[in-house]
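Engineer: Questions regarding the structure given below will be posed in turn.
The values are calculated or read from the model by the stated rules, or taken from the named source; none is laboratory data. All values derive from a computational prediction rather than experimental measurement. Note that each Cβ is placed from the backbone with ideal geometry, even for glycine, and that neighbours are counted across all protein chains shown. The area values use the complete protein model at the heavy-atom level, side chains included, leaving out ligands, DNA and RNA. Shrake-Rupley method; radii C 1.70, N 1.55, O 1.52, S 1.80 Å.
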Amino acid sequence: MDKLFKKLKIKPKDKELYKNAFSHSSYVNEHKVKANYERLEFLGDAVLDLVIADYLYTHYKETEGEMTKVRANYVCENANYRYATDLGLQQYILLGHGEIKDGDPKKAITADIFEALMGAIYIDQGYATVRKVILNIIVPYMEDDNIVFFSDYKSSLQEFVQTEQKSIEYVITNEEGPAHNKKFTVDVVIDGIVYGTGVGYSKKEAEQESAKYALEKLAVKKTS
């Protein structure tokens, strides 16, 4: 990982910590490694939220609600996946044989690894350093008006349904896979009719996907 550390401009004190940040549970189970990335991911998610919230508070004059939307755009799965792939993090991810057979690491795993890496840097280097690393990575994306990572399809669909005075619910129709890597299928039902079906590695991701398809179908229906 020396090339990565050089790119991030850090000198690691505990390299084992960084190995944990890149170790998926499937790899840990097969190789008896001490820890997977999940605890570091939890910490890294909070660190990212704090750093970007602090940056927005200092540099933006928007309201709380507006800043929340901006932060959601740059601290979300799509954004974290882009940061990770641009940094080339996939090449360092440690997967078990079952995950390797599926090809490249899944989007959700790659995004989680970025959060775990930020958690590891926080523990190893402290807040001032991880803040500098995060801002060096993310601010260039924030300054590029052509980059938009997050689309809250559920909120958009909810607004559309409210104007039409219709009921809406999200129904999980299928769950498959091991506990650490479940795949969910969700239908979005409007006034008793299924308008979209989404699949994702979290309920939230599947709901957003189903809402996206529902909006597409409603847009076609409205123009026809």
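Engineer: When you look at I123, is it among the β-branched types (V, I, T), open to solvent by less than 60 Å² (accessible area, probe 1.4 Å) and within 21 Å of G44 (Cβ to Cβ), yes or no?
Structural biologist: no
Engineer: Just to be sure I understand, how many residues within the range 95-112 are open to solvent by 50 Å² or more (accessible area, probe 1.4 Å), at pLDDT 65 or above and outside any helix (DSSP H, G or I)?
Structural biologist: 1
Engineer: State which residue is farthest from the chain's Cα centre (by Cα) when the search covers only the range 193-212 and only residues that are surrounded by fewer than 18 Cβ atoms within 10 Å (Cβ to Cβ) and free of Cβ contacts under 8 Å to residues at least 24 places away in the same chain.
Structural biologist: Here the residue is I193.
Engineer: Here are some residues: V33, V51, V75. Which one is over 29 Å from D152 (Cα atoms) and of a type in the set (A, V, I, L, M, F, W, C)?
Structural biologist: The unique qualifying residue is V33.
Engineer: Next question, about the same structure. Which residues, counting only those in the range 31-82, are more than 20 Å from E143 (Cβ to Cβ), open to solvent by 60 Å² or more (accessible area, probe 1.4 Å) and aromatic (F, W, Y)?
Structural biologist: F42
Engineer: Something else: Looking only at the range 143-163, count how many residues are in a helix (DSSP H, G or I) and surrounded by fewer than 18 Cβ atoms within 10 Å (Cβ to Cβ).
Structural biologist: Quick first cut of the range 143-163, residues in a helix (DSSP H, G or I) only: 153-163.
Checking the rest, the ones that are also surrounded by fewer than 18 Cβ atoms within 10 Å (Cβ to Cβ) come to 155-156, 158-159, 162-163.
Matching residues across the range 143-163 total 6.
Engineer: Pairs please, first residue from the range 4-30 and open to solvent by less than 40 Å² (accessible area, probe 1.4 Å), second anywhere and charged (D, E, K, R) and not in a loop (DSSP other than H, G, I, E, B), Cβ atoms under 6 Å, 6+ apart in sequence or on different chains.
Structural biologist: P12/D124; L17/D124; S26/E99
Engineer: Among the numbered conditions (1) open to solvent by less than 80 Å² (accessible area, probe 1.4 Å); (2) assigned to a strand (DSSP E or B); (3) among the charged types (D, E, K, R), tell me where K166 comes up short.
Structural biologist: Failing condition for K166: (2).
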